[in-house]
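Colleague: Shown below is the structure under consideration.
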Amino acid sequence: MTAVDRYCEVFKEVKPKRDRVAQLERDFMLAKRELDKINGELAKLERELSVLNARYEEAMLEKQQLEEETGIMERRLLAADKLIGGLSSENERWTVELKDLREQRVRLLGDCLICAPFLAYVGAFSWEYRDRLVYQMWQNAIVQRGIPMSQPFRVEQMLTSEVEISKWTAEGLPPDELSTQNGILTTQASRFPLCIDPQQQVLQLHHRCRVLVKQLARIPAGIIEAAPRKGNSRQVVHTRASFTKQYNLVLANGR
């Protein structure tokens, strides 16, 4: 009986404690499940936060690039405005040049009708005969037939430029009209011009403008000496004082 009484007393003391432990265990499990749930939601939020941070960094980088491109475009826009402002003053000049070009296109027919035979035929003649042939005979024939042409007409303006003439002059070509015509004939014509060059100024153009002298086969032998041929070029130098006389006879009489 004593043992039973002792068991009952101990059971009365232990029973509430066991119940308390069981309740605490249930509360622990509930709290643990709640904590796991919260930790899962926290991990999900952290993943979402990482994604949002990456998107934020990409957006900030794109923003920086857009700001740089905006600055570049603003500078280009300012430069374009300045360029347009500067070119607007050229509008009047361009309008005048366009009108001149349209008029030149109309006059091009007559100009070419003179320039073509100039390149083909006048190389062997003196300046006086060239001037009379081009600016009197041919030009008058063009005008009489009502063909439009430039007035005043100059061969040099059609077949060369001031820049090229300046280059020839710097290379030693005399600046007179005859020498300029010889330079045009040498560089553009299929036939070489006749150059009377006693001071050997034209010979200085050996690297840019090979000036050719037409052979006069009917002048007596010994008056001229022909240098060796180089391609289709031949340089002829007279050796007698009577060369000018013989040359004038050839031009005057054709024999």
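Colleague: Give the peptides 84-90, 137-143 in descending order of average Cβ contacts within 10 Å, highest first.
Modeller: On the way: 84-90: 9.1, 137-143: 14.4.
Highest to lowest by the protection proxy: 137-143, 84-90.
Colleague: Let me ask something else about it. Which far-off residues, 5 or more places away or on another chain, put their amide H under 5 Å from the one on F153, with H placed in the peptide plane?
Modeller: Here the answer is none, since no amide H 5 or more places off falls under 5 Å of that of F153.
Colleague: While we're here: Would you grab the residues whose amide H sits under 5 Å from the one on A189? Only those 5+ places off in sequence or on another chain, please, with H modelled 1.01 Å from N.
Modeller: none
Colleague: Something else now. Considering only protein heavy atoms, what per residue accessible area in square angstrom results for the stretch 1-135 with a 1.4 angstrom probe? Display every interim value, and only then the final one.
Modeller: On the way: 11460 Å² over 135 residues.
Result: 85 Å² of accessible area for each residue.
Colleague: Across the stretch 95-101, in residue order, what do the Karplus-derived ³J(HN,Hα) couplings come to in whole Hz, using 6.51 cos²θ - 1.76 cosθ + 1.60 with θ = phi - 60° and x for Gly and Pro?
Modeller: Once rounded to whole Hz, the list reads 4, 5, 5, 5, 5, 5, 5.
Colleague: With every protein chain kept in the model, how would you rank Y129, Y121 by accessible area, 1.4 Å probe, largest at the top? Numbers along the way, then the final one.
Modeller: Values: Y129 80, Y121 135 Å².
Most to least solvent-accessible, the answer reads Y121, Y129.
Colleague: Over all pairs of distinct alpha carbons, what does the Kirkwood formula give as the hydrodynamic radius of the stretch 71-181, in Å? Kindly include the intermediate steps, with their values, before the conclusion.
Modeller: Values: mean 1/r = 0.0579 Å⁻¹.
It is 17.3 Å.
The values are calculated or read from the model by the stated rules, or taken from the named source; none is laboratory data. Every value quoted in this text rests on a predicted model; they were computed, and no experiment measured them. As a convention, Cβ positions derive from the backbone with ideal geometry for all residues, glycine included, and neighbour counts pool all protein chains shown. Note: areas computed on protein heavy atoms with side chains; ligands, DNA, RNA excluded. Shrake-Rupley method; radii C 1.70, N 1.55, O 1.52, S 1.80 Å.
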